1. Here's a check for you: in the stretch 97-111, which residue that is touching a residue at least 40 places away in the same chain (Cβ under 8 Å) and within 13 Å of GLU244 (Cβ to Cβ) is nearest to the chain's Cα centre (by Cα)?
2. Give the residue, chosen from ASP200, ASP213, ASP167, that is touching a helix residue (DSSP H, G or I) at 6+ places or on another chain (Cβ under 8 Å), of a type in the set (D, E, K, R) and surrounded by fewer than 16 Cβ atoms within 10 Å (Cβ to Cβ).
3. Suppose the filter is on the phi < 0 side of the Ramachandran plot, part of a helix (DSSP H, G or I), surrounded by 18 or more Cβ atoms within 10 Å (Cβ to Cβ) and at pLDDT 95 or above; does ALA118 pass it?
4. Please specify each residue of the stretch 127-161 satisfying the condition of being in a loop (DSSP other than H, G, I, E, B) and either surrounded by 20 or more Cβ atoms within 10 Å (Cβ to Cβ) or not small (Gly, Ala, Ser) (or both).
5. Please determine whether any residue of the stretch 127-138 is among the aliphatic types (A, V, I, L, M), touching a strand residue (DSSP E or B) at 6+ places or on another chain (Cβ under 8 Å) and closer than 15 Å to TYR252 by Cα.
6. Grab the strands (runs of 3 or more DSSP E) fully contained in the stretch 1-105, keeping just those with 1 or more residues being touching a strand residue (DSSP E or B) at 6+ places or on another chain (Cβ under 7 Å), small (Gly, Ala, Ser) and at negative phi.
7. Only one of ALA71, ALA61, ALA80 is over 29 Å from GLU244 (Cβ atoms) and either of a type in the set (A, V, I, L, M) or touching a Lys or Arg at 6+ places or on another chain (Cβ under 8 Å) (or both); which?
8. Please determine, by comparing only the residues of the stretch 232-245 that are assigned to a helix (DSSP H, G or I) and without any contact (Cβ under 8 Å) to a residue 40 or more places away in the chain, which one is farthest from VAL163 (Cα to Cα).
Amino acid sequence: MTILVTGATGRVGRQVVEQLVSRNADVRVLVRDPSKARFPVDVAVAQGDMLDIDSLRRAFAGVRTLFLLNAVAGDEFTQALITLNIARESGVERVVYLSVMHAERFVNVPHFAVKSGAERMIDQMGFSATILRPAYFIDNELMVRDVVVDHGVYPMPIGSKGVAMVDTRDIAEVAAIELLRRDEAAADLPVEVINLVGPDTLTGTALASIWSDVLGRPVAYGGDDPSGFEQNLAGFMPKWMAYEMRLMAERYVSDGMVPEAGDAERLVRMLGRPLHTYRDFAAQLAS
């Protein structure tokens, strides 16, 4: 049966599509502008968005399994709830939802609270679902690369508790595995939650040390105060979003994002290979 992928033009969604295609899945993507969609010829493209009811209904025709990915947006919660309602109305019973680690704990961070609410809706509507809860994306470090390389400072307020940063390649491959497991199952499977983490739990000083090694010169940790981080982000994203990222960073400092026992090992078993490391990613960025 057909698997519908939302968020298919983003960093994670595009890789999910690639992983599904490589496994010979029947894939359809929901995109706002098909002219900007660059997918393999076998991928069906449905035009629309999560607030366009008619386009959602057309996109869900013949779909059994949904990959639901919502980008951070002011109306993210409405998008998620509308999409889940139309999915259920259209007969979709199987969902893989990209949430976030500690969604139920970091309730003052808007996109965490949104994802916690969507998780509850998925559970209460009786979907056969896998909830994927990734930690902080390693790939987000693209935003800080220039500061690190040009100024010798690692600026992200990570703190001393540690964050198990995860590579989007690992996220996408696990998502594809779960989508196919759900889609091909003879009967609905129970709801399952999977924490998506990297192999290392890294502090702010540890990240600065990695960059020092990679660059061959000292890199300092910028500290736990998130005010400068928010100010920098506000230069290239909406101020409400920069503030939301500040709130997230504050929770990293106060709570960390530490995996549970066995999280990383579980992912290694699923993937049949080691997880991608922050050090390797940093080395690629530096080069």
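The values are calculated or read from the model by the stated rules, or taken from the named source; none is laboratory data. No experiment lies behind these values; they were computed from the predicted model shown. Counting neighbours? That spans all protein chains shown, and the Cβs are built from the backbone with ideal geometry, glycine included.
1. For the stretch 97-111, the residue satisfying everything is HIS111.
2. So the residue among ASP200, ASP213, ASP167 that is touching a helix residue (DSSP H, G or I) at 6+ places or on another chain (Cβ under 8 Å), of a type in the set (D, E, K, R) and surrounded by fewer than 16 Cβ atoms within 10 Å (Cβ to Cβ) is ASP213.
3. So ALA118 fits the description; yes.
4. Going residue by residue through the stretch 127-161, those that are in a loop (DSSP other than H, G, I, E, B) are 127, 135-136, 144, 152, 155-161.
PHE127, ALA135, TYR136, VAL144, PRO155, MET156, PRO157, ILE158, GLY159, LYS161 - these are the residues of the stretch 127-161 that are in a loop (DSSP other than H, G, I, E, B) and either surrounded by 20 or more Cβ atoms within 10 Å (Cβ to Cβ) or not small (Gly, Ala, Ser) (or both).
5. So far as the stretch 127-138 goes, yes, one or more of its residues are among the aliphatic types (A, V, I, L, M), touching a strand residue (DSSP E or B) at 6+ places or on another chain (Cβ under 8 Å) and closer than 15 Å to TYR252 by Cα.
6. Values: elements: 2-5, 26-31, 44-47, 63-68, 94-98.
Those strands (runs of 3 or more DSSP E) span 44-47.
7. On the way: ALA71 fails: over 29 Å from GLU244 (Cβ atoms); ALA80 fails: over 29 Å from GLU244 (Cβ atoms).
When all the criteria are applied, what remains is ALA61.
8. Once the filter is applied, the top-ranked residue is LYS239.
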